[in-house]
Amino acid sequence: MNKDTTTIFGFWVYLMTDFVLFASLFSVFAVLRSGTFGGPSGVDIFSLPFVFIETCLLLTSSFTAGLSLIAARYGKKIHVVLSLIVTALLGLAFVAMEVSEFAKLALEGNDWTRSGFLSSYFALVGTHGLHIVLGLIWMIALIVAILRKGLTRSNTRKLVLLSLFWHFLDLIWIFIFTIVYLFGVI
Amino acid sequence: MDWSLLFGKLSWGLLPENAVAWGGATTMVVIGLGLIGLVAYFKAWGPLWRNWLTSLDPKRIGVMYIVVALIMFVRGAADAVLMRIQQATSVGSAHGIVTASHFQEIFSAHGSIMIFFVAMGIMFGLINLIVPLQIGARDVAFPFLNSLSFWLFVAGALIINLSLILGDFSTAGWLSYPPLSELAYSPTVGVDYWLWSLQISGIGSLLSGINFLVTILKMRCKGMSLMKMPMFSWTVLGSMWLVAVSFPILTVSLALLTLDRTFGMHFFTAGGGNMMMYVNLIWAWGHPEVYVLVLPAFGIFSEVVPVFSGKKLAGYASMVYSVIAIVFLSFIVWLHHFFTMGAGADVNAFFGIMTAVIAIPTGVKMFNWIFTMYHGRIRFFTPMMWYMGFVVLFTLGGVTGVVLAEPVADYQLHNGLFLVAHFHTMIVSGVLFGYFAGLTYWFPKIFGFKLDEKWGRRAFWNWLIGFILAFGPLYVLGFMGATRRLDHYTDPSWQPLFIIAGIGAAIIVLGFACQLIQLFVSIKNRHQALDTTGDPWNGRTLEWSIPSPAPAYNFAILPMVESRDEYWQLKAHNEKDVAIQATGKTIDIRREYEDITMPRNTAAGFAIGAATFFFGFGFVWHIWWLVIVSVIAGTAFLIMRTFDEDTEYIIRAGEVEANERRLRDRFITMQNV
Ligand code: HEM
Ligand SMILES: [Cu+2]
């Protein structure tokens, strides 16, 4: 009976701990923001239009993740799978953009060893990216499971958790967008 | 060919280099092989694997936690004895038995092992054993996660012990402050061992914290509102809340230091980093951590004192509020660990005052326990002895803590032996004595027989006297100016005190030996000390209402609770009914039994733990292929487990009834003899 609610509650608690983890990384970033050690600061390396596209990708993927949940409520397996695939593709595009941004910085000689500021930047944004990657792996596993066994009770529960996770990462990204990038260029 | 691709930084030259280290390594290997051989000799691998290693029963996981913690205690205590011998002998022209750098490895290992693998291990063991029973539940919220946490704990323990054999251990102390812990000053793998051992077991603790938080909040039996929950469960709730909020900070601190060391980042090094940030981060976890450990010990005393005084706990509500106050305050005092950093008088004043304020809720608890005893009919069984020792010593430790909380005094005492004496007083007489009381008190519930009283008392007196001798002198030495972590000193007037401290440590070792003998003797004489009633101490809370040892499903019929000391009330209201008297509602055969669903055993936790161990090992030695393989393997195991739908089995109502009948009959026969 209450296995679903217990699991979902437990997942909220987990998200809270993850929130503390990100909060610590944000404070590290805040401390090291000025530690550029003669290297570039945010203004020199961030491109807002680029990050804006990343943000749009992620927000849209949150929306499609929401759609999959609605589809699940109506028991429409195909719609669930389709919207999950779209979500995964958007997430993948986001990761690709992030990796290319990181690679560009590294090639310009502004990698994580350049300064405390860049270390904290890579750690914070990279940790978020790593979460996205984990989410993607989970999403693919779930798509396979739904295709094989349908919208069983446990698959539906996992879908709810996954979309919670995804929205949470969206929220963290909004913070990153604001604190790292927006504040970074002004 | 480039062998480093295959073996990373591993090479033959890394085996131990001096006699003491060889001794340690050999002992480790012998103990390990001995254990394996013993199990093989008794052909016990099968049963061990089926009944224990793959079990999801929190009672079994709890026992395994405690066994691992006790083994780790032997290691930590051996380190302590080495340090005591060194400091007793290394004065003037004499240089003791170990080299300076080896001494540093020893205190670093001692501190890390005692905190992460002894104290945390016994704590999670007791929580696993008792919390579900106390809140009237059959299981924890996430049984598999629980097993995973345990195996992560074991993986961490293995990694820290491996440093004895391969390579070296950190010399940077139990918290590895940079810049010393950075690659430039600690170029060997020592700090990496420390980092991965703690990172892995820390994540295990975090998962456990989440698990028990949810268990307590969501799985209490009907009628048990939070204000009717037994005190031990309350303190565990507080402690697990602290785990959930503080351990992510530990994860981050360790990860950042790892990034610095492995990928040349600059979090705590020159190059734009800030080493004081590490100290802030680690103590933002570290201070709450000490309350993580001590709150459950408070909870144990809150169970033990009422039971052995035959009175209800005084000031239950104030006990609850003081737990909440401690939880809250413990997050705003971390800076007292580095008043000397130079944050300024106003900042230091704030943190000093906050620290002193914690003495208030703690004092409330002290007084409540003493009020509980007042006019009580006190029975001095061993758990109560540990409590008496605790009251005296913990008060002393608390007072010296308030002394250290004054920034002005702390400037003198910082990093001295006064501090070492203070925190050992808190952690040995608070945490360990509490856990020992809990182990003695709940032992019959898990194993079905009581621990031997005589040897329990001997253990207690040895620990008490040993403790006073081992740490009393350190307060004095602290005032005389002795700093901590000294492998050698020049002032011969310190030596007598160090020798007394050494004698104290030896007596503590005797105390531990008494505990081992106690265990042995109790097992041998178990038939005389069987707990047939399920209620050997005349207890008050739900765990005593079921038979001992507790059946796999805990409660045949889930209880309904009306009051705080539910079982006590039940006994009081049914004085005539002998079955209820001794064994509570659950053995009432007139009730309707139902099918019980329980989680099936699984090897997944073990497998993921093993993958994580190899991951950590690979990272320590920069064997990257191993890291990649174990990440893939671990993820695959995890996915397989999550999508496995066949994870439960059913105990039929008939079986439950037969079992309960058997237990009831056993009780009635025992009554008649
Ligand atoms: C049981 C008897 C124990 C003895 C005889 C003992 C002895 C010692 C000694 C001699 C030191 C080094 C002091 C110095 O810096 O000069 C030390 C440090 C320490 N001990 Fe213990 N200890 C004991 C139990 C424990 C327990 C149970 C814990 C924690 C649960 C613990 C935690 C620590 C820590 C954290 C340090 C600091 C290590 C460092 O400096 O990095 N000890 N202990
Ligand atoms: Cu503290």
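The values are calculated or read from the model by the stated rules, or taken from the named source; none is laboratory data. Quick caveat: nothing in here was measured; it's all calculated off a predicted structure. Note: ideal-geometry Cβ built from the backbone for every residue, glycine included; neighbour counts use all protein chains shown.
Taken over segment B:614-653, the residue count meeting the criterion of being within 15 Å of B:Pro551 (Cα to Cα) and among the small types (Gly, Ala, Ser) is 1. Counting only residues that are modelled with pLDDT of 95 or more and buried (at least 20 other Cβ atoms within 10 Å of the Cβ), which one in segment B:260-271 is nearest to ligand 2 (Cβ to nearest atom)? By that ranking, first place goes to B:Phe268.
Does A:Leu169 qualify as being more than 12 Å from every other protein chain (Cβ to nearest Cβ) and at pLDDT 95 or above? Yes: the conditions hold for A:Leu169. I'd like the residue in segment B:326-337 that is surrounded by fewer than 18 Cβ atoms within 10 Å (Cβ to Cβ) and either within 16 Å of ligand 1 (Cβ to nearest atom) or in contact (Cβ under 8 Å) with a residue 12 or more places away in the chain (or both) and, out of all such residues, is nearest to B:Phe301 (Cα to Cα). Checked segment B:326-337; the qualifying residue nearest to B:Phe301 (Cα to Cα) is B:Phe331. Evaluating B:Glu645 against the criteria (1) outside any helix (DSSP H, G or I); (2) over 32 Å from the mean Cα position of the chain (by Cα); (3) under 30 Å from B:Ala157 (Cβ atoms) leaves one unmet condition, (3). If A:Ser115 satisfies all but one of (1) within 8 Å of another protein chain (Cβ to nearest Cβ); (2) among the hydroxyl-bearing types (Ser, Thr, Tyr); (3) under 24 Å from A:Ile174 (Cα atoms), what's the number of the condition it fails? If we test A:Ser115 against (1) within 8 Å of another protein chain (Cβ to nearest Cβ); (2) among the hydroxyl-bearing types (Ser, Thr, Tyr); (3) under 24 Å from A:Ile174 (Cα atoms), just (3) comes out false. Of all residues in segment A:135-186, those satisfying the criterion of being over 17 Å from the mean Cα position of the chain (by Cα) and among the hydroxyl-bearing types (Ser, Thr, Tyr) are A:Thr152, A:Ser154, A:Thr156. Only one entry of B:Val323, B:Val307, B:Val279 meets the criterion of being closer than 15 Å to A:Ser24 by Cα and among the hydrophobic types (A, V, I, L, M, F, W, C), and that entry is B:Val279.
Return the residues of segment B:214-234 that are assigned to a helix (DSSP H, G or I), surrounded by fewer than 24 Cβ atoms within 10 Å (Cβ to Cβ) and within 12 Å of chain A (Cβ to nearest Cβ); say none if nothing qualifies. Matches in segment B:214-234: B:Leu217, B:Lys218.
Here segment B:497-532 is the region considered, the condition is being among the polar types (S, T, N, Q) and crowded, with 19+ Cβ neighbours inside 10 Å, and the residue that is farthest from the chain's Cα centre (by Cα) is B:Thr532.
Within this structure, A:Gly184 fails the test of being in contact with an Asp or Glu (Cβ under 7 Å, 6 or more places away or on another chain) and more than 14 Å from every other protein chain (Cβ to nearest Cβ). For segment B:360-378, the count of residues that are part of a helix (DSSP H, G or I), touching a Lys or Arg at 6+ places or on another chain (Cβ under 6 Å) and away from ligand 1 (no atom under 16 Å from the Cβ) is nonzero.
Of the residues B:Thr395, B:Thr340, B:Thr400, B:Thr362, the single one that is closer than 26 Å to B:Lys228 by Cβ and not aliphatic (A, V, I, L, M) is B:Thr362. For the structure I just gave you, tell me whether B:Val656 is away from every other protein chain (no Cβ under 14 Å) and either farther than 28 Å from B:Ala556 by Cβ or in a helix (DSSP H, G or I) (or both). Yes. Exactly one residue among A:Val13, A:Val51 is in contact (Cβ under 8 Å) with a residue 60 or more places away in the chain, over 16 Å from A:Ser163 (Cβ atoms) and out of contact with any His (no Cβ under 8 Å at 6 or more places or on another chain), and that residue is A:Val51.
Against the list (1) more than 16 Å from ligand 1 (Cβ to nearest atom); (2) in contact (Cβ under 8 Å) with a residue 40 or more places away in the chain; (3) closer than 26 Å to B:Thr362 by Cβ, the condition B:Thr251 fails is (3). Give me the residue from segment A:1-16 that is buried (at least 18 other Cβ atoms within 10 Å of the Cβ) and farther than 17 Å from A:Ile132 by Cα and, out of that set, farthest from the other protein chains (Cβ to nearest Cβ). Among them, the one singled out is A:Thr7. For segment B:1-56, give me each residue that is in a helix (DSSP H, G or I) and of a type in the set (Gly, Ala, Ser). Residues satisfying the conditions are B:Ser4, B:Gly13, B:Ala19, B:Ala21, B:Gly23, B:Gly24, B:Ala25, B:Gly32, B:Gly34, B:Gly37, B:Ala40, B:Gly46.
Rundown of residues vs (1) more than 14 Å from chain A (Cβ to nearest Cβ); (2) buried (at least 18 other Cβ atoms within 10 Å of the Cβ); (3) within 14 Å of ligand 2 (Cβ to nearest atom), yes/no style:
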position	(1), (2), (3)
B:Ser318	yes, no, no
B:Tyr321	yes, no, no
B:Asp346	yes, no, no
B:Gly352	yes, yes, yes
B:Asn368	yes, yes, no
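Scanning segment A:19-44 for residues that are under 24 Å from the mean Cα position of the chain (by Cα) and facing chain B (nearest Cβ under 7 Å) yields a count of 7. Number of residues in segment B:82-96 that are buried (at least 17 other Cβ atoms within 10 Å of the Cβ) and either within 21 Å of the chain's Cα centre (by Cα) or among the aliphatic types (A, V, I, L, M) (or both): the value is 5. Selection of segment B:261-281 for residues being within 11 Å of chain A (Cβ to nearest Cβ) and either closer than 17 Å to B:Gly173 by Cβ or within 16 Å of ligand 1 (Cβ to nearest atom) (or both) yields B:Phe268, B:Met275, B:Met276, B:Tyr278, B:Asn280, B:Leu281.
Only residues that are at pLDDT 90 or above and either of a type in the set (Ser, Thr, Tyr) or closer than 21 Å to B:Asp595 by Cβ (or both) were counted across segment B:632-653, and they come to 8. May I ask you to verify whether A:Ser68 is over 30 Å from B:Ser208 (Cα atoms) and facing another protein chain (nearest Cβ under 10 Å)? Spelling it out, it is not the case that A:Ser68 is over 30 Å from B:Ser208 (Cα atoms) and facing another protein chain (nearest Cβ under 10 Å).
Rundown of residues vs (1) free of Cβ contacts under 8 Å to residues at least 40 places away in the same chain; (2) surrounded by 18 or more Cβ atoms within 10 Å (Cβ to Cβ), yes/no style:
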{"site": "A:His79", "(1), (2)": "yes, no"}
{"site": "A:Ile85", "(1), (2)": "no, no"}
{"site": "A:Leu89", "(1), (2)": "yes, no"}
{"site": "A:Ser120", "(1), (2)": "no, yes"}
{"site": "A:Val125", "(1), (2)": "no, yes"}
{"site": "A:His131", "(1), (2)": "no, yes"}
{"site": "A:Leu134", "(1), (2)": "yes, no"}
{"site": "A:Trp138", "(1), (2)": "yes, yes"}
{"site": "A:Ala141", "(1), (2)": "yes, yes"}
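So B:Val304 fits all but one of (1) away from chain A (no Cβ under 14 Å); (2) buried (at least 19 other Cβ atoms within 10 Å of the Cβ); (3) within 16 Å of ligand 1 (Cβ to nearest atom); what number is the exception? Answer for B:Val304: the failing condition is (3).
Any idea which of B:Ala40, B:Ala78, B:Ala141 is of a type outside the set (Asp, Glu) and surrounded by 20 or more Cβ atoms within 10 Å (Cβ to Cβ)? Selected residue: B:Ala141, the only one of B:Ala40, B:Ala78, B:Ala141 that is of a type outside the set (Asp, Glu) and surrounded by 20 or more Cβ atoms within 10 Å (Cβ to Cβ).
If you check B:Phe467, B:Phe423, B:Phe479 for being assigned to a helix (DSSP H, G or I), modelled with pLDDT of 95 or more and either crowded, with 19+ Cβ neighbours inside 10 Å or more than 16 Å from ligand 1 (Cβ to nearest atom) (or both), only one passes: B:Phe467. Right, B:Gly286: closer than 28 Å to B:Ala572 by Cβ and either surrounded by fewer than 21 Cβ atoms within 10 Å (Cβ to Cβ) or in contact (Cβ under 8 Å) with a residue 24 or more places away in the chain (or both) or not? Against the criterion (closer than 28 Å to B:Ala572 by Cβ and either surrounded by fewer than 21 Cβ atoms within 10 Å (Cβ to Cβ) or in contact (Cβ under 8 Å) with a residue 24 or more places away in the chain (or both)), B:Gly286 does not qualify.
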